[in-house]
Every structure is written in C-alpha cells, then in structure tokens.
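K.L.:
Below is the structure I would like to discuss, written out as structure tokens.
The values are calculated or read from the model by the stated rules, or taken from the named source; none is laboratory data. Predicted model only: the values in this text are computed from it and were never measured. Here the Cβ is made from the backbone with ideal geometry for all residues, glycine too, and neighbour counts use every protein chain on show.
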C-alpha cells in the first residue's frame, strides 16, 4: 500500500554476518540502524555481546545500544515502543530504518504486535519464582501455573522455564491468566509499516566455525576481565537477564565457583561454545516459525545477500 512506510529487517543467528551486511547498506546513505539485540542494550557488556566498538559505532551509529544498566530489565513491549518511535523519527528525516539483530522475540513483537494490557516484567516477582524453582524444583512451579492457568499448563511443558515464569508473573501482577488476557485483548498492529524481511541462514557447519572463531577472539581480547569488572562494579545478581546472557553465565560461574585452574577454564569455554551453538539453534527455530506467517527472503551466504541487497537498495 502506498501509505505504508518501508522498514528493512535483517535477521539471523549469532555470528551469521548480519551486522556487516547492515553496515554496508548504511554506507550508501539514506539509512539509519536500529539494534534488535536483547544483550546490546546493556552498558559495560561489550566483548561478550560482540558489541560494535566505539569506533564502529561512530562510523555506523546504532540506536538501542547501551541504553540501560545491567541491573535493569528491558522487555519486548519496551522494544516495540522504542523501535516504533525511532522508526517514525527516521522516516521523518526522509530515511529508511534498518533493524538488525538476532533477538527473534523482539522481531516477532514488532511484526505481530503485543497484547495491549500485558504488564512489563517485574524483576522481584521473577526472582521469587526462580527461588521457588531452586528450592522445590521446576515441577512445583509448573504445578502452580497449572492451578492458576490450566490452559497455559496444557500449552507449556515443564521445561519451558521462561514461558512459565512469564505466565506466573502476569498472574501474580494482574490476578488473571495470561491466556485469558491474550485472548481478550486486541493486538497493536503496526499497519503503517511495510516490512521487508531478510534472513541470513548459513549452513550449520559454517555457522559453527564462525561461532568458534568469534569465541576464540572473545577470550583473547579479555572477556574474563570484562566479567570480573562487571562483578566488581555492580551488585551482581545472577538471576538478572543481563547476566543470564550466553557466555556471561558460564564465566560468572567459573569465576565464583571454580578453582580457576586451566582445566576449569577450558571446561567453561567449552560450555560457552555449546551454549552459543544452542542459542543459534533456537534462533533458527524462531526464524522458521516467523516465516510461516510473514514473507521472508532468506540467504545461505553473506555474499549472495550482499549482491541481492545491492541491486534492491543500491
């Protein structure tokens, strides 16, 4: 439709090359970049999140990077609110926004809208739920959810920890089941946008090599020092979303609970590699589910994506 404003979405799993692709488009002029990454929002978390350096950010400015402290929580609803405002501001300058990142929940929320009355995250409630899980086991938490929201209990498995936490959190805040609220409330649909969706989906073997190379560089340039500095600077609570990020969780456990031997360090690095591969696997799954509802152009290689997008937006 002629009245819909264009928004370019560049999605892909971690280490797929999507940021480099977005920066190439940016250099042609007429674009601004919006980060779609739940880890890049945190200040002082640079190496482990593969955050663009200060020099790179000066050359390729990204919105929604370094906007909150690691002690704060940033929800998908807040992302939709912030990104929608930025998209409108960018269009107001006569430019086209490029949203780039790998947090598929954020993309889903922007593409499909969110139920208008679901509350924002409440850290204290979440922490209490996780404490119960620690003390009594996840089955007890799952049983509590089934007692207050049987439909959610049918939809989720006991292993769906984050979904269980969110459903119980909503119930404890509102006194109503999340499934009831979702069914009753209209969605906020961004009808004024025309989304151009592109996804980098490299071969798994190639992606695993890229992940391994990225992690090796991460250790070399001082990731453990970064985590130590975070632990010293902040009142560290491992239940905070920031510190549950892949890599940080394993490094914190190593620094707090191991003998700091070379053997323990190698074990921690292997755990980080495995966790990052699992993250990429979940990102692939998210992308496939999004593709079932939305039009996507997918690329197996960065070079093919570069060639195609040059022709489309050059």
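K.L.:
Please determine whether any residue of region 85-92 is surrounded by 18 or more Cβ atoms within 10 Å (Cβ to Cβ), touching a residue at least 40 places away in the same chain (Cβ under 8 Å) and out of contact with any helix residue (DSSP H, G or I) (no Cβ under 7 Å at 6 or more places or on another chain).
P.N.:
yes
K.L.:
Hey, another quick one. Just checking, does region 217-232 include any residue being touching a strand residue (DSSP E or B) at 6+ places or on another chain (Cβ under 8 Å) and farther than 14 Å from residue 273 by Cβ? Write out each step before concluding.
P.N.:
The first filter runs over region 217-232 and keeps only residues touching a strand residue (DSSP E or B) at 6+ places or on another chain (Cβ under 8 Å), leaving none.
Within region 217-232 (the criterion being touching a strand residue (DSSP E or B) at 6+ places or on another chain (Cβ under 8 Å) and farther than 14 Å from residue 273 by Cβ), the answer is no, since none of the residues qualifies.
K.L.:
Can you confirm whether residue 171 is closer than 30 Å to residue 84 by Cα, part of a helix (DSSP H, G or I) and in the same structural domain as residue 240 (by TED's automatic domain parsing)?
P.N.:
Values: closer than 30 Å to residue 84 by Cα: yes; part of a helix (DSSP H, G or I): yes; in the same structural domain as residue 240 (by TED's automatic domain parsing): no.
No: the conditions fail for residue 171.
K.L.:
Moving on. Go through region 283-299 and give me each residue that's exposed (fewer than 13 other Cβ atoms within 10 Å of the Cβ), over 18 Å from residue 7 (Cβ atoms) and touching a helix residue (DSSP H, G or I) at 6+ places or on another chain (Cβ under 9 Å).
P.N.:
285, 289
K.L.:
Restricted to region 246-278, and to residues that are in a loop (DSSP other than H, G, I, E, B) and crowded, with 19+ Cβ neighbours inside 10 Å, which residue is nearest to the chain's Cα centre (by Cα)?
P.N.:
Just the residues of region 246-278 that are in a loop (DSSP other than H, G, I, E, B), to begin with: 246-247, 258-261.
With crowded, with 19+ Cβ neighbours inside 10 Å added as a condition, the list becomes 246-247.
Numbers: 246: 11, 247: 14 Å.
So, considering only residues that are in a loop (DSSP other than H, G, I, E, B) and crowded, with 19+ Cβ neighbours inside 10 Å, the one nearest to the chain's Cα centre (by Cα) is 246.
K.L.:
A further question follows. What's the total number of residues in region 133-149 that are surrounded by fewer than 16 Cβ atoms within 10 Å (Cβ to Cβ) and touching a residue at least 12 places away in the same chain (Cβ under 8 Å)?
P.N.:
The qualifying residues number 1.
K.L.:
Name the residues in region 57-78 that are within 17 Å of residue 101 (Cβ to Cβ), modelled with pLDDT of 90 or more and in contact with a strand residue (DSSP E or B) (Cβ under 9 Å, 6 or more places away or on another chain), would you?
P.N.:
Within region 57-78, 60, 61, 62, 63, 64, 65, 66, 67, 68 qualify.
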